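The values are calculated or read from the model by the stated rules, or taken from the named source; none is laboratory data. All figures in this text were calculated on a predicted structure; none of them were measured in a lab. Cβ coordinates were reconstructed from backbone atoms using ideal geometry, including for glycine residues, and neighbour counts include every protein chain displayed. To get the accessible areas, we keep the full protein, side chains included, count just its heavy atoms, and leave off ligands, DNA and RNA. Shrake-Rupley method; radii C 1.70, N 1.55, O 1.52, S 1.80 Å.
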Amino acid sequence: MKKGRIILISVVAVIIVIVLIIGGKMYLDNKESNEVKKEVALYIVQNYEGVKKIQFGELSENKMTGSWTLSAKLNKNNIITFTFQDTSNIKKI
């Protein structure tokens, strides 16, 4: 009986650790994506006239080239796409 209980506790502990690792990675990825979007929004506002609203798509990575792509819809009718070779140079806010 004790052996079965120890195995059950071990399995539950491993599952909890896996969930925490996956959740932590998702949190950090989302944080990086938000930082990139903030920097791009600042760039757009400083370099384009008449921008009232910005809607971002998802920051996506091209695994073959290692580049990152982010699309933004400006004022509901103009779409602009940014491509980054490396997002590590984005200023951490």
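Computed quantities for the displayed model
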| quantity | calculated |
| --- | --- |
| Residue that is hydroxyl-bearing (Ser, Thr, Tyr), under 15 Å from the mean Cα position of the chain (by Cα) and assigned to a helix (DSSP H, G or I), where the choices are 71, 33, 10 | 33 |
| Selection within segment 17-43 - open to solvent by 50 Å² or more (accessible area, probe 1.4 Å) and of a type in the set (A, V, I, L, M) | 17, 18, 19, 20, 21, 22, 26, 28, 42 |
| Residues of segment 55-66 satisfying the condition of being open to solvent by less than 100 Å² (accessible area, probe 1.4 Å) and assigned to a loop (DSSP other than H, G, I, E, B) | 57, 59, 62, 65, 66 |
| Residue 71, sole failed condition from (1) open to solvent by 50 Å² or more (accessible area, probe 1.4 Å); (2) modelled with pLDDT of 85 or more; (3) in contact with a Gly (Cβ under 8 Å, 6 or more places away or on another chain) | (1) |
| Residue in segment 46-54 that is in a helix (DSSP H, G or I) and either within 15 Å of residue 75 (Cα to Cα) or of a type outside the set (A, V, I, L, M, F, W, C) (or both) present | yes |
| First in segment 19-39 and among the hydrophobic types (A, V, I, L, M, F, W, C), second anywhere and open to solvent by 40 Å² or more (accessible area, probe 1.4 Å), Cβ under 8 Å, 6 or more apart | 36/68 |
| Subset of segment 44-54 [open to solvent by 30 Å² or more (accessible area, probe 1.4 Å) and on the phi < 0 side of the Ramachandran plot] | 45, 46, 47, 48, 49, 51, 52, 53, 54 |
| Complete set of residues in segment 41-68 that are of a type in the set (Asp, Glu), at pLDDT 85 or above and under 18 Å from the mean Cα position of the chain (by Cα) | 58 |
| Pick from segment 2-15, criterion open to solvent by 90 Å² or more (accessible area, probe 1.4 Å) and of a type in the set (Val, Ile, Thr), ranking: nearest to residue 61 (Cα to Cα) | 15 |
